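*Asks:* Submitted below is the structure of interest, expressed as C-alpha cells.
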Ligand code: ZN
C-alpha cells in the first residue's frame, strides 16, 4: 500500500465532477489498490475521510473513518467505510454546524452548516450495495466527502468566511463567535 500525494486547493482535479465507477470495474486491481492506498493515505494524514479526486483520481470513490483522531478529538467513532458511487438522501434538513477541515486545505478549519441527518448509500469494495443512517458529525463527514465528487470544497459551503481559521488560532480561539 502506498501513501499518495494529496491535491491541494487550487489544483483543478479538485474542481472536476468525478466519473462513476462501472460496477464491473470494482474488482479490478486498479480500483482495489486505489481503495487500499486511499485508506493508507487517509490514516497517514489523520483525515476523517478522503475522496479519490483528492489523490488525483477523478472517480466516485470515498473512504472515511473516525477513531481516536487527533485532528478531531471530540468526534464520535465512525467505522471504516469504503463507498463507490455514493448517494445521499437528506432525512432531516435541520442544519447543524461543525468545524470542518480538509487534507486538501491543510492547516485550516472553517464553520459549515449542513443537514443533520442523512441516508448514505453506495457500493462497497466488493460491489455490494449498502446504506447507512448517519447523523451529526458522521453525516457531515459523508457530505463533505461526497461534495469532493462534485468538485466542491467545504469553503464553498461556508456562509461566513470570517470563521476560516488556521488550526493553531482555531485551537486558541475556538469559542469565537460564529
Ligand atoms: Zn476534504
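*Asks:* Determine, from the Cβ-Cβ distance of residue 36 and residue 91 and an R0 of 41 Å, the FRET efficiency 1/(1 + (r/R0)^6), rounded to the nearest 0.05. Write down the numbers at each step before the final one.
*Replies:* On the way: r = 32 Å, r/R0 = 0.77.
My answer for the efficiency is 0.85.
*Asks:* Say we join alpha carbon atoms closer than 10 Å with springs in a Gaussian network model of the chain; which of 34, 50, 132 then has the biggest fluctuation?
*Replies:* 132
*Asks:* So what is the relative contact order of segment 1-155, in percent, for Cα pairs below 8 Å that sit 6 or more residues apart?
*Replies:* Working: 331 pairs, mean separation 40.1, N = 155.
Rounded, it is 26 percent for segment 1-155.
*Asks:* Rounded if a/c is under 1.5, else prolate if a/b is larger than b/c, else oblate: which is segment 96-151, with a ≥ b ≥ c the root eigenvalues of its Cα gyration tensor? Mind showing how you got there, number by number?
*Replies:* Numbers: a/c = 2.79, a/b = 1.50, b/c = 1.86.
The shape class here is oblate.
*Asks:* Two-decimal Rg/Rh of segment 138-178 from alpha-carbon positions, Kirkwood Rh?
*Replies:* Working: Rg = 12.2 Å, Rh = 11.7 Å.
Here Rg/Rh amounts to 1.04.
*Asks:* Could you work out the helix-only [θ] at 222 nm for the chain, with each DSSP H run of four or more residues adding -39,500 (n - 2.57) and the total divided by the number of residues, to the nearest 500 deg cm²/dmol?
*Replies:* Working: 4 runs with 41 residues, N = 178.
Mean residue ellipticity, 222 nm, calculated: -7000 deg cm²/dmol.
*Asks:* Express in nm, to one decimal, how much length is gained between residue 28 and residue 121 on full extension, taking 0.36 nm for each residue of separation and deducting their alpha carbon distance. Walk me through the numbers on the way to the answer.
*Replies:* On the way: separation 93, 0.36 × 93 = 33.48 nm, distance 2.15 nm.
Difference between extended and current length: 31.3 nm.
*Asks:* Something else now. Output the 0 to 90 degree angle, nearest 10, between the alpha-carbon long axis of helix 29-44 and the longest principal axis computed from the alpha carbons of the chain.
*Replies:* Between helix and principal axis, roughly 20 degrees.
*Asks:* Could you state the angle between the C-alpha long axis of helix 136-149 and the longest principal axis of the C-alpha atoms of the chain, as a value from 0 to 90 degrees rounded to the nearest 10?
*Replies:* On a 0 to 90 degree scale, this one is about 60.
*Asks:* Could you tell me which of rounded, prolate or oblate describes segment 2-143, using a ≥ b ≥ c as the square roots of the eigenvalues of the alpha-carbon gyration tensor, with rounded for a/c under 1.5 and, failing that, prolate when a/b is larger than b/c and oblate otherwise? Walk me through the numbers before you get to the answer.
*Replies:* Working: a/c = 1.55, a/b = 1.18, b/c = 1.31.
In terms of gyration-tensor shape, oblate.
Readers should treat all values here as calculations from the given coordinates under stated rules, not as data from a laboratory. Small disclaimer: the values here were computed from a predicted structure and weren't measured. FYI the Cβ positions are ideal-geometry reconstructions off the backbone, even for glycines, and counts take in every protein chain you see.
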